[in-house]
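**Student:** Below is a structure I'd like to ask you about.
The values are calculated or read from the model by the stated rules, or taken from the named source; none is laboratory data. Just so we're clear, the structure is a prediction, and the values are computed from it rather than from any experiment. No Cβ is skipped: glycine too gets one built from the backbone with ideal geometry, and neighbour counts run over all protein chains shown. Just so you know, the surface numbers come from the protein's heavy atoms only, side chains and all, with ligands and any DNA or RNA stripped out. Shrake-Rupley method; radii C 1.70, N 1.55, O 1.52, S 1.80 Å.
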Amino acid sequence: MARTRLKGAERKASIIAVAKRLFARAGYHGVSVDEIAREVGVSPAILYQHYRSKETLYQDVLSEMSCRRDSYRDAIFAGPTDFASLLTRMTVRFVRSMLDDPDYIRIELLSALDGTAAAQHVFGNRWRHFTDYIRYEIEEAAQRGERPVADVDAVCLLFRGMVRELVYARAVLGEEPYCRGDVDAQVGTLVSMFMRALGLAQAVSQ
C-alpha cells in the first residue's frame, strides 16, 4: 500500500506529536533524531527538511505546549472574587488542564533533570499567573494590617509544591487515594490549607 503523502503543515504536526510522546517517555537526551523519524515513518533526511536539529524540534514541541497555556479570564469572572475563591478556580483549571495532558507533566519532570534552558523557561512561566496573583494578595493583606509581611517567595513555593504534588500523584504516580478523589474538592482542600498557613482563613466558595 502506498504511503499517503502529507502536506508540509500536516507532516510537521505529526512530527511534533510523535516527538512530544517520545520526549515525555525518555527526555530530551534520551531520544535520537533517528528514533523520532522511525516512529513518524520517514527517513531522518525528511525530518531534517522540517527541523535542522533535534534542539529546534524540541523547542517547537515546547512552543506548541506553551501556546495552549490556560486563560484564566473565565475563572476570574465565574464567581466570588475573594482571594481564596479566585485562587481555587484558577487552580482547578490549571490542574485539570495538566491532567488532560500527562505528556506535558512528564516533559516538565524530565526537563528539570535534563537542564534544558528552553524547557525551564516555558515551565517556569506557567506558574507566573499564580505567583503574581499570590504576591499581590499578600501585599494587599499586609497593607490592610491583616498579617505581617511574609516571605512571599517561600509562600509561592509552598503553593507550587502542593499543586505539583497533587498533579504528580494523579497523573504520573497513579496513587490510588488521590486518583479516586474529586479534583475540585482536592484543590479546594489544598487552597483552604494554604490560606490557613498564611493566617488568612477565608472560606472557599467557587
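**Student:** Within segment 111-120, does at least one residue satisfy the condition of being farther than 22 Å from residue 21 by Cβ and open to solvent by 30 Å² or more (accessible area, probe 1.4 Å)? Before the answer, list the steps.
**Tutor:** Filtering segment 111-120 for residues farther than 22 Å from residue 21 by Cβ gives 117.
Among the residues that remain, those that are also open to solvent by 30 Å² or more (accessible area, probe 1.4 Å) are: 117.
Yes, the conditions are met somewhere in segment 111-120.
**Student:** Give segment 124-146 a look and list any residue that's assigned to a helix (DSSP H, G or I), without any contact (Cβ under 8 Å) to a residue 12 or more places away in the chain and not acidic (Asp, Glu), or say none.
**Tutor:** Filtering segment 124-146 down to residues assigned to a helix (DSSP H, G or I) leaves 124-125, 128-143.
Then drop every residue that is not without any contact (Cβ under 8 Å) to a residue 12 or more places away in the chain, which leaves 124, 128, 132, 136, 140, 142-143.
The answer is 124, 128, 136, 142, 143.
**Student:** Considering every residue within segment 26-33, establish whether at least one is part of a helix (DSSP H, G or I) and open to solvent by 50 Å² or more (accessible area, probe 1.4 Å). Outline the logic, then answer.
**Tutor:** Keep residues of segment 26-33 that are part of a helix (DSSP H, G or I), which gives 26, 33.
Then drop every residue that is not open to solvent by 50 Å² or more (accessible area, probe 1.4 Å), which leaves none.
No, segment 26-33 has no match at all.
**Student:** Taking segment 156-179 on its own, how many of its residues are surrounded by fewer than 17 Cβ atoms within 10 Å (Cβ to Cβ) and modelled with pLDDT under 90?
**Tutor:** 7
**Student:** Pairs under 9 Å by beta carbon, first residue of a type in the set (Phe, Trp, Tyr) in segment 45-67, partner open to solvent by 70 Å² or more (accessible area, probe 1.4 Å), six or more apart or different chains?
**Tutor:** Sorted first by the residue in segment 45-67, then by its partner, the pairs are 51/12.
**Student:** A further question on this structure: When residue 114 is evaluated against the numbered criteria (1) in contact with an Asp or Glu (Cβ under 6 Å, 6 or more places away or on another chain); (2) under 30 Å from residue 30 (Cβ atoms), which criterion, by number, is the only one it fails?
**Tutor:** Going through the list (1) in contact with an Asp or Glu (Cβ under 6 Å, 6 or more places away or on another chain); (2) under 30 Å from residue 30 (Cβ atoms), residue 114 breaks only (1).
**Student:** All but one of (1) open to solvent by less than 80 Å² (accessible area, probe 1.4 Å); (2) among the charged types (D, E, K, R); (3) at pLDDT 80 or above; (4) under 19 Å from residue 92 (Cα atoms) hold for residue 126; state the number of the condition that does not hold.
**Tutor:** Here residue 126 clears every test but (3).
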